[in-house]
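The values are calculated or read from the model by the stated rules, or taken from the named source; none is laboratory data. Remember, predicted model here, so these are calculated numbers, not experimental data. No Cβ is skipped: glycine too gets one built from the backbone with ideal geometry, and neighbour counts run over all protein chains shown. What goes into the accessible areas is simple: the full protein's heavy atoms, side chains included, and nothing from ligands, DNA or RNA. Shrake-Rupley method; radii C 1.70, N 1.55, O 1.52, S 1.80 Å.
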Amino acid sequence: MTQELEVDQIIRQRIRTLRQNHGWSLESLASKASLSVSTLSRIETGSRRIALDQLVPIAKALSTSLDELVATSEAEIIIRPEPISLPGITLWKLSTDDAVNGVNVSKMRIDPSKAPAPSELRIHPGKEWFTVLLGEIQLKLGERTYHVKAGQSAQFDTMTPHAIWAKDGVAEILGILDSAGQKAHQHDSGN
């Protein structure tokens, strides 16, 4: 199959799937896009060539953008994270820079024997969430200290002064930062 035919097939499948996800019949989408039912049917089945003047109203009716409907860029599906080493911490970035809503997903291994616990609490715009995969994490939020054990999660507003460190041995967490938190952490690590 040529690349052009593959792209056409992807677009046709997106139209059909989005229509079905909305719970719409061919008649319903055709009406919303000001197309005839037979034209929409032939577009979805591949018996009619797709034209730009048809895609614009179809995308609008489906509450998506033309860019999203015809996107062919295959972002990396499989991410091969490289370890980033900092004193006492190894970090694996598990999302790409264009991740959904600008969030950053990463796995962090904290080895308290290789560096002291943070002496200062940090503050920056954003939200942070993590779940403990191994060990126990000590989370300081302002004046309070929380102990988050394997299988437990925590989320907090990073405008609250905070610090995270492993308690009593190596710990691993899976964390998510929103875009504001990601920018602050990139600045801190020199990336």
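Structural remarks
- The number of residues in region 44-69 being surrounded by 14 or more Cβ atoms within 10 Å (Cβ to Cβ) and outside any helix (DSSP H, G or I) comes to 4.
- Residue that is most open to solvent (accessible area, probe 1.4 Å), among those in region 31-43 that are under 12 Å from Leu62 (Cβ atoms) and assigned to a helix (DSSP H, G or I): Lys32
- Residue count, region 1-27 (criterion: surrounded by 15 or more Cβ atoms within 10 Å (Cβ to Cβ) and over 23 Å from Asp67 (Cβ atoms)): 1
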